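Asker: Please see the structure below; I have some questions.
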Amino acid sequence: MTTRDADRPPGRPPWILVLPALTGLVFLVLPLAGLLVRAPWSTLGTRLAEPQVLEALRLSLVSATLATVLCLLFGVPLAWVLARVRLPGMRLVRALVTVPLVLPPVVGGVALLLALGRRGLAGRWLEAAFGISLPFTTAGVVLAETFVAMPFLVISVEGALRAADLRLEEAAATLGASRWTIFRRVTLPLVAPGVAAGAVLCWARALGEFGATITFAGNFPGRTQTMPLAVYLALETDPQAAIVLSLVLLAVSVVVLAALRDRWTGAS
Amino acid sequence: MKRMMAAAAAVLTLAAAGCGDTGGKRDGGGGAKTLTVFAAASLTESFTALGRSFEGTHPGVKVRFNFGGSSALAQQITQGAPADVFAAASPATMKTVTDGGAASGQPQVFAKNRLVIAVPPQDPGKVAKLADLARPGLKVVLCAEQVPCGAAAEKALAAAGVRVKPASQEQDVKAVLTKVRLGEADAGLVYRTDAKAAAAQVKGIEFAESAKAVNDYPIAALAKAPQPALARQFVGLVLSGQGRTALTGAGFESP
């Protein structure tokens with residue numbers, strides 16, 4: 001009786017799990033196959049070389065990355081507060097954080113206009129005091145993407161924080177470390193895989209963002225037209241071009257996500 | 001895989017068409033029938049009213065509308081969506097349907113729409129004529145050139161020799177209207193019917209050059225209509241005097 005691979009339970013995988021798993025996989029992959037089959041492969045090169053495509057791709061990558069940075073800066077502390085601070089009403093706060101998940105993105109865009117637009121609650125003040133107007137700008141694109149993507153990061157980091165071993169933090173505290181030092185030197189390294197996974201999710205969500213972006217930031221090539229917006233408008237007149245654009249977006253995101261996964265979360 | 005997709009398509013078709021095949025002989029009789037009309041978003045108000053009157057004169061018939069962007073509707077039709085009637089906001093989108101052989105007979109123009117300048121009620125940008133849209137610092141939103149309202153805007157501006165640097169090229173005319181409504185844009189070009197439907201929140205300013213970019217709205221019964229007879233009757237209603245009254249009431253012009 002020799003022992004088998006430690007991480008593989010004995011016996012065949014049960015069909016009651018395998019069958020739905022395969023169905024789920026086919027359901028997710030079939031639409032992708034549809035895109036690949038219908039793609040105009042012969043004209044792919046010339047379509048890709050169009051400056052508008054590259055411009056939209058660049059804008060998408062830059063704005064999704066900036067949005068992820070903003071999500072990390074504000075989302076990680078927010079997750080920490082949700083996981084570690086005990087105050088009445090925390091449940092309500094947690095529910096509020098997840099609002100952008102259930103809000104249709106277009107509504108999110110309108111909400112952003114009502115808050116940060118020229119006539120918005122805070123936007124009016126921003127314009128009067130600093131002359132800053134966010135709609136129709138690249139900054140507006142980044143904000144719209146941040147709004148929609150942040151919950152993904154917060155939820156994933158909060159989950160990691162709750163699963164982390166509190167005794168390590170307590171041990172650091174008994175050794176005289178301040179709370180900030182503990183957060184920086186103990187907590188953050190502990191939840192790093194959760195942060196990385198959240199950031200990847202967040203980036204992917206930001207990259208594909210459409211509704212909030214077009215509603216809040218509008219659509220102008222080079223300034224606010226990201227790839228999903230370019231895809232939507234191409235679909236109006238030239239579905240083939242739309243397929244090409246979608247494939248580019250897909251290919252780029254798959255490459256980036258695969259690379260990041262190995263580097264950041266390779267251990268987990 | 002092909003068989004699975006065919007089965008899925010069949011299920012969807014059945015679900016969408018309802019019990020379209022039952023009671024085929026009883027035209028307008030007691031059997032439950034559904035007439036499916038795909039129509040441009042700008043027709044929402046007028047066609048909903050016409051649909052109700054059609055149901056009144058055809059007991060047992062239910063009229064279902066799918067309002068949306070003309071190009072998206074045209075694509076759904078050419079991809080096999082079960083529809084009886086298609087009313088488009090531009091001849092170009094209707095052409096993609098007729099070219100694909102999906103229309104039955106020649107499409108007929110039933111209405112015309114023209115552009116107006118939409119501004120917030122207080123008119124913060126002090127816009128009075130088309131040339132004002134070129135003023136630097138004024139926030140103007142237009143439709144993207146890929147959608148009919150954008151093509152019309154481009155034509156009107158070119159005819160007037162006015163060069164506008166838009167803050168945004170929106171995905172459809174309702175999005176332009178939203179930006180003006182919320183005061184984010186100082187002005188936008190929308191159809192007269194849209195300005196009329198939102199009269200409480202935007203002011204529509206007519207301009208002479210809009211005559212150069214009048215949009216024709218064609219309608220056609222579809223070749224694969226589940227209810228061909230009802231489809232023809234509905235097209236007849238839209239082209240009738242009653243249809244004309246409903247359309248002009250919404251701000252359309254007669255062809």
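The values are calculated or read from the model by the stated rules, or taken from the named source; none is laboratory data. If you're wondering where the values come from, they're calculated on a predicted model, not measured in any experiment. Neighbour counts are summed over all protein chains in view; Cβ atoms, including those assigned to glycine, are modelled from backbone coordinates with ideal geometry.
Asker: Report, by residue number, each residue of region B:214-239 that is assigned to a helix (DSSP H, G or I) and crowded, with 22+ Cβ neighbours inside 10 Å.
Answerer: B:Leu230, B:Ala231, B:Phe234, B:Val235, B:Val238
Asker: A further question follows. Check A:Gly131 against each of (1) within 14 Å of chain B (Cβ to nearest Cβ); (2) under 30 Å from A:Val231 (Cα atoms) and name the one condition it does not meet.
Answerer: Result: A:Gly131 fails condition (2) only.
Asker: Filter region A:30-60 down to residues that are aliphatic (A, V, I, L, M) and surrounded by fewer than 10 Cβ atoms within 10 Å (Cβ to Cβ) and give me whichever is farthest from A:Glu145 (Cα to Cα).
Answerer: A:Val37
Asker: Given the structure, is A:Leu22 within 14 Å of chain B (Cβ to nearest Cβ) and over 24 Å from the mean Cα position of the chain (by Cα)?
Answerer: yes
A quick yes/no check of all residues on (1) exposed (fewer than 12 other Cβ atoms within 10 Å of the Cβ); (2) of a type outside the set (A, V, I, L, M, F, W, C); (3) touching a helix residue (DSSP H, G or I) at 6+ places or on another chain (Cβ under 9 Å); (4) more than 14 Å from chain B (Cβ to nearest Cβ):
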position: A:Val81; (1), (2), (3), (4): no, no, yes, yes
position: A:Arg84; (1), (2), (3), (4): no, yes, yes, yes
position: A:Leu87; (1), (2), (3), (4): yes, no, yes, yes
position: A:Leu96; (1), (2), (3), (4): yes, no, no, yes
position: A:Ala115; (1), (2), (3), (4): no, no, yes, no
position: A:Leu121; (1), (2), (3), (4): yes, no, yes, no
position: A:Val141; (1), (2), (3), (4): no, no, yes, no
position: A:Thr146; (1), (2), (3), (4): no, yes, yes, yes
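Asker: Please indicate, with yes or no, whether at least one residue in region B:146-161 is on the phi > 0 side of the Ramachandran plot and in the same structural domain as B:Phe234 (by TED's automatic domain parsing).
Answerer: no
Asker: Report whether or not B:Arg52 is modelled with pLDDT of 90 or more and loosely packed, with under 12 Cβ neighbours inside 10 Å.
Answerer: Against the criterion (modelled with pLDDT of 90 or more and loosely packed, with under 12 Cβ neighbours inside 10 Å), B:Arg52 qualifies.
Asker: Hey, which of the strands (runs of 3 or more DSSP E) in region B:59-151, taking only ones fully inside, have at least 3 residues that are within 14 Å of chain A (Cβ to nearest Cβ)?
Answerer: B:140-143
Asker: In region A:213-243, which residue that is under 22 Å from B:Glu184 (Cα atoms) and among the aromatic types (Phe, Trp, Tyr) is farthest from the other protein chains (Cβ to nearest Cβ)?
Answerer: A:Phe216
Asker: Next question, about the same structure. Out of (1) away from chain B (no Cβ under 14 Å); (2) over 16 Å from A:Trp80 (Cβ atoms); (3) among the hydroxyl-bearing types (Ser, Thr, Tyr), what's the single condition that is false for A:Thr187?
Answerer: Here A:Thr187 clears every test but (2).
Asker: With the condition kept exactly as written, say whether any residue in region A:141-154 is closer than 30 Å to A:Val106 by Cβ and not in a helix (DSSP H, G or I).
Answerer: No, because not a single residue in region A:141-154 is closer than 30 Å to A:Val106 by Cβ and not in a helix (DSSP H, G or I).
Asker: Then there is this: Would region B:176-183 turn up any residue that is part of a strand (DSSP E or B) and buried (at least 17 other Cβ atoms within 10 Å of the Cβ)?
Answerer: No: zero hits.
Asker: So B:Asp186 passes all but one of these: (1) farther than 24 Å from B:Phe47 by Cα; (2) in contact with a Gly (Cβ under 6 Å, 6 or more places away or on another chain); (3) away from every other protein chain (no Cβ under 13 Å). Which condition number does it fail?
Answerer: Checking B:Asp186 against (1) farther than 24 Å from B:Phe47 by Cα; (2) in contact with a Gly (Cβ under 6 Å, 6 or more places away or on another chain); (3) away from every other protein chain (no Cβ under 13 Å), the one that fails is (3).
Asker: Hey, can you tell me all the residues within region B:190-213 that are assigned to a loop (DSSP other than H, G, I, E, B) and of a type outside the set (Phe, Trp, Tyr)?
Answerer: Of everything in region B:190-213, those that are assigned to a loop (DSSP other than H, G, I, E, B) and of a type outside the set (Phe, Trp, Tyr) turn out to be B:Ala198, B:Ala199, B:Ala200, B:Gln201, B:Val202, B:Glu206.
Asker: Considering each residue of region A:147-176, count those that are more than 16 Å from A:Trp80 (Cα to Cα) and either in contact (Cβ under 8 Å) with a residue 24 or more places away in the chain or among the β-branched types (Val, Ile, Thr) (or both), and give that number.
Answerer: Within region A:147-176, residues that are more than 16 Å from A:Trp80 (Cα to Cα) and either in contact (Cβ under 8 Å) with a residue 24 or more places away in the chain or among the β-branched types (Val, Ile, Thr) (or both) number 4.
Asker: How about region B:152-175: which of its residues are within 13 Å of another protein chain (Cβ to nearest Cβ) and within 15 Å of the chain's Cα centre (by Cα)?
Answerer: B:Gln171, B:Asp172, B:Val173, B:Lys174, B:Ala175
Asker: Same structure, new question: Out of A:Leu48, A:Leu28, which single residue is among the hydrophobic types (A, V, I, L, M, F, W, C) and within 30 Å of A:Gly140 (Cα to Cα)?
Answerer: The conditions single out A:Leu48.
Asker: Keeping to region B:194-206, report how many residues are buried (at least 24 other Cβ atoms within 10 Å of the Cβ) and farther than 24 Å from A:Pro135 by Cα.
Answerer: Residues that pass the stated criteria total 0.
Asker: Search region B:138-151 for residues being among the aliphatic types (A, V, I, L, M) and crowded, with 23+ Cβ neighbours inside 10 Å, and hand back the single one that is farthest from the chain's Cα centre (by Cα).
Answerer: Residue satisfying both the conditions and the ranking: B:Val140.
Asker: Inside region A:155-241, counting only helices (runs of 4 or more DSSP H) that do not spill past its ends, which hold 2 or more residues that are buried (at least 23 other Cβ atoms within 10 Å of the Cβ)?
Answerer: Once the helices (runs of 4 or more DSSP H) in region A:155-241 are filtered for at least 2 residues that are buried (at least 23 other Cβ atoms within 10 Å of the Cβ), what remains is A:192-207, A:211-216, A:227-237.
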